Amino acid sequence: MEQEHPFLRDVFPDLAAEVADLLEEEGEHDLAAHARDLRLVGECDCGDDFCQSLRTAPHPKGQPFGEGHRCVTLEPPTGMLVLDVVDDRIMYVEVIDRPPLRRRDAQR
Ligand SMILES: [Zn+2]
């Protein structure tokens, strides 16, 4: 059974909004709509200072994304945001060299 993951926008509202806005700027309107409903499945545990990457879909660790995979590179004012997209589903958000993410505890 797949457990219920929180919405990205409930945990990292600033990041979720920024990703959606940047996708609109890239003309990725479908992905932008999808970004508003992203779930936060997990956080990267590589331990690198510069990395705050987020998993947004269940996917076996270390496995290649396979067919239908593409990267969407966004252009934030600082650092790097790269989305791993498989068949128009955002699987992973690479958050590199960015200021610490502002976290909001999920509110109900
Ligand atoms: Zn990492």
Can you give the Kirkwood hydrodynamic radius of the range 50-108 from its Cα pairs, in Å with one decimal? 12.7
Given a 1.4 angstrom probe, what's the average accessible area per residue across the range 6-108, in square angstrom? 58
If I take R0 = 22 Å and measure r between the Cβ atoms of GLU4 and ASP37 in this structure, what FRET efficiency does the formula 1/(1 + (r/R0)^6) give, to the nearest 0.05? 0.95
How do 86-97, 9-20 rank on mean C-beta neighbours within 10 Å, highest first? 9-20, 86-97
Rounded to one decimal in nm, the spacing of the 7 Å Cα→Cβ label points at GLU25 and GLN63 is 3.4
Just the number, please: carbon plus sulfur as a percent of the accessible area of the chain, 1.4 Å probe, no ligands or DNA/RNA counted. 46
Residue separation times 0.36 nm, minus the C-alpha to C-alpha distance between CYS46 and THR78: what's the value? 9.4 nm
Just to be sure I understand the curve: with the Debye formula and one point per C-alpha of the range 1-83, what is log10 I(q)/I(0) at q = 0.11, 0.22, 0.23, 0.26 Å⁻¹? -0.31, -1.30, -1.39, -1.54
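The values are calculated or read from the model by the stated rules, or taken from the named source; none is laboratory data. All of these numbers come straight from a predicted model, not from anything done at the bench. Quick reminder, even Gly has a Cβ in these numbers, built from the backbone with ideal geometry, and neighbours come from all protein chains shown. Just so you know, the surface numbers come from the protein's heavy atoms only, side chains and all, with ligands and any DNA or RNA stripped out. Shrake-Rupley method; radii C 1.70, N 1.55, O 1.52, S 1.80 Å.
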